[in-house]
Each structure stands twice: as C-alpha cells, then as structure tokens.
Amino acid sequence: FPSHDTKGTGINRREADLDLYKIRDIGSDDFFNYLMQLKGDLLSTQWCFDLLPERAKRYFDVERLDNTAWLEALIDTYEDERRNHKYLGYEDIMVNATVQLGSNTELRENFSSQYEFIFVDEYQDVNKAQDKMLQFLDERAKNIMVIGDDDQTIYEWRGARPTFIQSIS
C-alpha cells in the first residue's frame, strides 16, 4: 500500500482514523479478497459511490463500514491510487462492463441481438456483477440456460453466491 499521510488529504473524511497496526495486520491477500468481494457484489464505500457516474449509481449499494472506519479509509485510499495510476483489475473490468451494458441501450442491443441462446456453465460461481451482466445479455431473447450445483459454490471469497443459480427460473 502506498505510504499515507494521516493528517488528511481529502480522500476520506475518516482518513485520520487510519489504524496503521490494523492495516498491517489485515494482510494484502485478505484486503484484496475483501475488495474483490465488494466489487463483485456491486458494493462501494460512500466516497467511491459519490465518484461514480450518475448512470452507474443505480447498480451499486453503499457498504456501511461504521465499525471499521480504518478499512473504509484504506479502501478509499487504494481506489484513489488505483484511479490516479489508471490501473484496472479483473473486477474493475467486469464491473465496468456490467455498468456499460446496463446503461447503454445500443451497446446492450448490439450484444444481445447476436445470440439466440446463452449457456453458462458453473453458474453457482457467478457473483452479482456477473449475474447482472448475463441478465442484460439475455434481456432480448429470454433464452438462458445455466448449469451448476449450488452445493459446490467455491468462489464465495469473490462474491459468488448459490442464490443466483437458485433464483433462475
């Protein structure tokens, strides 16, 4: 993580609450897994939500981190650095694609008109963003077939939930 001045740079109103001991103890793997799960669930901190384009806000919810203000400040600081350096991770690309499909009717029509059927294997391992993206792609034809076993969800650490396969009718 970048070094961070705890005096405050305007990233997060709570950034003075950064607890460097907790940040050190969380470990980068745990932090990035948590961040991946947040993005897969289309959740963001209030600061990140406020920076979203208006067309994207309808797909996101704000994750309240009242008991872990240091984690909220860390996420905001990381996201600020990521944006400033124009870095994109897999989750960012997936979320951006979902938002684009949802907010651009012409783009959604272009993609969905190319497919009469959509088949998805291992559907028990999709997260909210992927589920939403597939709904957008199937919006026109209403011909989606998913295959999976809700007892074998193994990607919960990135937001996969068996409820998505259970809700397919």
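At a glance:
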{"item": "Among residues of the stretch 153-169, those that are of a type outside the set (S, T, Y) and open to solvent by 40 Å² or more (accessible area, probe 1.4 Å), counted", "result": "6"}
{"item": "Residue match in the stretch 16-32 (condition: modelled with pLDDT of 90 or more and either outside any helix (DSSP H, G or I) or open to solvent by less than 20 Å² (accessible area, probe 1.4 Å) (or both))", "result": "yes"}
{"item": "Check on R108, in a loop (DSSP other than H, G, I, E, B) and touching a residue at least 12 places away in the same chain (Cβ under 8 Å)", "result": "no"}
{"item": "Number of the exception - W70 against (1) at pLDDT below 90; (2) in a loop (DSSP other than H, G, I, E, B); (3) of a type in the set (F, W, Y)", "result": "(2)"}
{"item": "K132 being of a type in the set (D, E, K, R), closer than 22 Å to L35 by Cα and in a helix (DSSP H, G or I)", "result": "yes"}
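Here's the yes/no breakdown for (1) within 26 Å of S44 (Cα to Cα); (2) surrounded by 14 or more Cβ atoms within 10 Å (Cβ to Cβ); (3) of a type outside the set (G, A, S):
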| position | (1), (2), (3) |
| --- | --- |
| V62 | yes, yes, yes |
| W70 | yes, yes, yes |
| A73 | yes, yes, no |
| E79 | yes, yes, yes |
| T98 | yes, yes, yes |
| G102 | yes, yes, no |
| L137 | yes, yes, yes |
| I147 | no, no, yes |
| D151 | no, no, yes |
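The values are calculated or read from the model by the stated rules, or taken from the named source; none is laboratory data. Here the structure is a predicted model, which is why all the values come from computation and not from measurement. Every residue, glycine among them, receives a Cβ derived from its backbone with ideal geometry; neighbour counts consider all protein chains shown. Just so you know, the surface numbers come from the protein's heavy atoms only, side chains and all, with ligands and any DNA or RNA stripped out. Shrake-Rupley method; radii C 1.70, N 1.55, O 1.52, S 1.80 Å.
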